[in-house]
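Chemist: The structure that follows is given in the form of structure tokens.
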Amino acid sequence: MVNNWLKIIQRNLIPPRCVLCGDTGFADLDLCAGCLGDLPRNLCCCYRCGEPFASELALPSLCGRCLKRSPQFDETYAPYLYRYQMPYLIGQLKFGRDYKNARLLAMLLGEHIAAGAELPELLLPMPLHPKRYRERGFNQSIEIARHLARRFDIPLDLYSAVRSRDTLHQAGLPAKQRLKNMRGAFRLQKTLQADHVAIVDDVMTTGATVSALAGVLKQAGVGRVDVWVCARA
């Protein structure tokens, strides 16, 4: 109750401002109604990997890639496309340490989750290799996941999964090379006490990274692995 009152007072004294244009925020978001409406929605996509379809199909549907070779995860929730202003919002958090964008991105993703996703028993942010963590100073996926864990009252596990190998940057690699690059990249330090887990990340490109982590979880006995990601490239 105290926290709710503090939020109400803060909203009245310091109303949210749009991080894109500076206008008054909409619905407690740091985005105005116009900029929110301009964000590219991922409305018609493969339910398993979130890849957008070129034309509208009857949903739920699978893309050709998932029909040919299914990833290790079961379902992806990716409300936006990684286009227009989404790279800026994610980049400002990831490389500019603009932490308020973690709250904004989590609120946008959370609205999509609340619209109909089956909630998992555990949230698992995509882990960074210790070397990458030292270079960056924080993990943007953890910052987003903290807000989601509070919103949905789901336990957040920051320690069980580790990135044991410092892989090459995935950007620019072809799909097959991305899969090869991620082999043996993750391990579990302890058994997860959950049958349904959601991996939280900022953006998904081919899904090779999250599929590698999901495979480790499945091998450890997790029955279902979903992916919660802010945007799909």
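The values are calculated or read from the model by the stated rules, or taken from the named source; none is laboratory data. Keep in mind the model is a prediction, meaning the values are calculated, not measured. With ideal geometry, Cβ positions are generated from the backbone for all residues, glycine too; neighbour counts draw on all protein chains shown. For the accessible areas, the whole protein counts, side chains as well, though only heavy atoms, and no ligand, DNA or RNA atoms are used. Shrake-Rupley method; radii C 1.70, N 1.55, O 1.52, S 1.80 Å.
Chemist: What are the residue pairs meeting all of these: first residue in region 53-77, first residue among the acidic types (Asp, Glu), second residue assigned to a helix (DSSP H, G or I) and surrounded by 14 or more Cβ atoms within 10 Å (Cβ to Cβ), Cβ atoms under 9 Å, and 6 or more apart or on different chains?
Modeler: Asp74/Ala214
Chemist: Could you check region 216-233 and list, in sequence order, the residues that are part of a helix (DSSP H, G or I) and either in contact with a helix residue (DSSP H, G or I) (Cβ under 8 Å, 6 or more places away or on another chain) or open to solvent by less than 10 Å² (accessible area, probe 1.4 Å) (or both)?
Modeler: Listed by number, the list holds a single entry, Leu217.
Chemist: Out of (1) among the hydrophobic types (A, V, I, L, M, F, W, C); (2) more than 18 Å from Val200 (Cα to Cα); (3) at pLDDT 95 or above, the odd one out for Leu93 is which?
Modeler: The one condition Leu93 does not meet is (2).
Chemist: Okay, moving on. Quick one: in region 199-209, which of the residues that are open to solvent by 10 Å² or more (accessible area, probe 1.4 Å) and of a type in the set (Val, Ile, Thr) is modelled with the highest pLDDT?
Modeler: Looking at residues that are open to solvent by 10 Å² or more (accessible area, probe 1.4 Å) and of a type in the set (Val, Ile, Thr), I get Val203.
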